[in-house]
Amino acid sequence: MRIEIVDDYQAVNRAAASHIAAVVAAKPTASIVLATGSSPMGTYQDLVARHERNAFDATRLRVFQLDAYLGLGREDRRSLYRWLAESFLTPLGVPDDHVVALPGDTTDPDAVCLAFDAAVREAGGFDLSVLGLGPNGHLGFNEPPAAPDSPTRVVDLSEESIISNARYWGGLDQVPRRALTAGLASLLAARETLLLVSGAHKHGILRRTVEEAPSPDVPASYLQVAANVTVIADRAAWDGDGAHLGSRSGDR
Ligand code: GLP
């Protein structure tokens, strides 16, 4: 695991976008799984800017959705698919048939999860995984405790996830209680992973992620034993001071 500490959220974005651009330049048909949430939004904006000056081409990628709220279809404006579409897929021109979604409005979630893992296998696994760090150490919605061999599955959201996502929903009681998440098994098997961490509020969980022995209680801690992981964190997240709070963008 490499840890890159950079000044602020904007520097996280630049570093992550450069990293992603290098992976995609080396393999334009790469299979990548992409988080939503605030952490990667600036990175995606940076990639869109590169695309606009013909310096980044995502049109041959195969893109996998990391997680989804159960019960919401892809057209629902609150769905994570829609967020991914608006921030990455549409501005970068990724064709629909290059996207492997997690349709939250399915009547058969178990079948959807099996089909997702089959699609990951068929793609030969993820070349690149771009992740944020949940406030309780979750990756995607692999809520603690999560075993490292967890498949893609339906999960009950933890209290912490419900609280941290309430800002996107206009209140705690509005947040769905269940979700679909790509499993830790496929995420940890990615050939390369970027974990993007920004802001002093992530300090405690970031330190647990990189310093404690890997355990199901902090699912992200298993990244310590995965191949080719780069944590890109800003100083506020690493040092825990509040100096850089407010420098983030991309919230909605
Ligand atoms: C959310 C999502 C994750 C995301 C993480 C961190 O609940 N399930 O995919 O990476 O928590 O979110 P943020 O980047 O907004 O801090």
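The values are calculated or read from the model by the stated rules, or taken from the named source; none is laboratory data. In this text, all values refer to a predicted model and were calculated from it rather than measured experimentally. Here Cβ is always computed from backbone atoms with ideal geometry, including for glycine, and neighbour counts include all displayed protein chains.
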**Q.** Condition check for GLY242: modelled with pLDDT under 95, surrounded by fewer than 15 Cβ atoms within 10 Å (Cβ to Cβ) and out of contact with any helix residue (DSSP H, G or I) (no Cβ under 9 Å at 6 or more places or on another chain)
**A.** no
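Among the residues of the stretch 151-173, what is the count of those that are polar (S, T, N, Q) and in contact (Cβ under 8 Å) with a residue 40 or more places away in the chain?
Initially, the stretch 151-173 is screened for residues polar (S, T, N, Q), giving 152, 158, 161, 164-165.
Filter again for in contact (Cβ under 8 Å) with a residue 40 or more places away in the chain, leaving 152.
So the answer is 1.
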**Q.** the stretch 200-218: number of residues that are within 13 Å of the ligand (Cβ to nearest atom) and touching a Ser or Thr at 6+ places or on another chain (Cβ under 8 Å)
**A.** 1
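Residues checked against (1) touching a strand residue (DSSP E or B) at 6+ places or on another chain (Cβ under 8 Å); (2) within 16 Å of the ligand (Cβ to nearest atom):
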site: VAL12; (1), (2): yes, yes
site: HIS19; (1), (2): yes, no
site: PRO28; (1), (2): no, no
site: ALA35; (1), (2): yes, yes
site: GLN45; (1), (2): no, yes
site: ARG53; (1), (2): no, no
site: ALA58; (1), (2): no, no
site: GLN65; (1), (2): yes, yes
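Tell me, which helices (runs of 4 or more DSSP H) wholly within the stretch 1-88 include 3 or more residues that are in contact with a Leu (Cβ under 7 Å, 6 or more places away or on another chain) and at pLDDT 95 or above? Explain how you work it out, then say what you get.
Numbers: elements: 9-26, 41-52, 80-84.
Filter on the stretch 1-88 gives 9-26, 41-52.
Taking the stretch 155-177, which residues are surrounded by fewer than 15 Cβ atoms within 10 Å (Cβ to Cβ) and either in contact with an Asp or Glu (Cβ under 9 Å, 6 or more places away or on another chain) or not in a helix (DSSP H, G or I) (or both)? Talk me through it step by step, then tell me what you get.
Here is the first cut: in the stretch 155-177, the residues surrounded by fewer than 15 Cβ atoms within 10 Å (Cβ to Cβ) are 156, 159, 163, 166-167, 169-174, 177.
Listed by number, the residues that qualify are ASP156, ALA166, ARG167, TRP169, GLY170, GLY171, ARG177.
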Q: Kindly establish whether PRO145 is in contact with a helix residue (DSSP H, G or I) (Cβ under 7 Å, 6 or more places away or on another chain) and not hydrophobic (A, V, I, L, M, F, W, C).
A: no
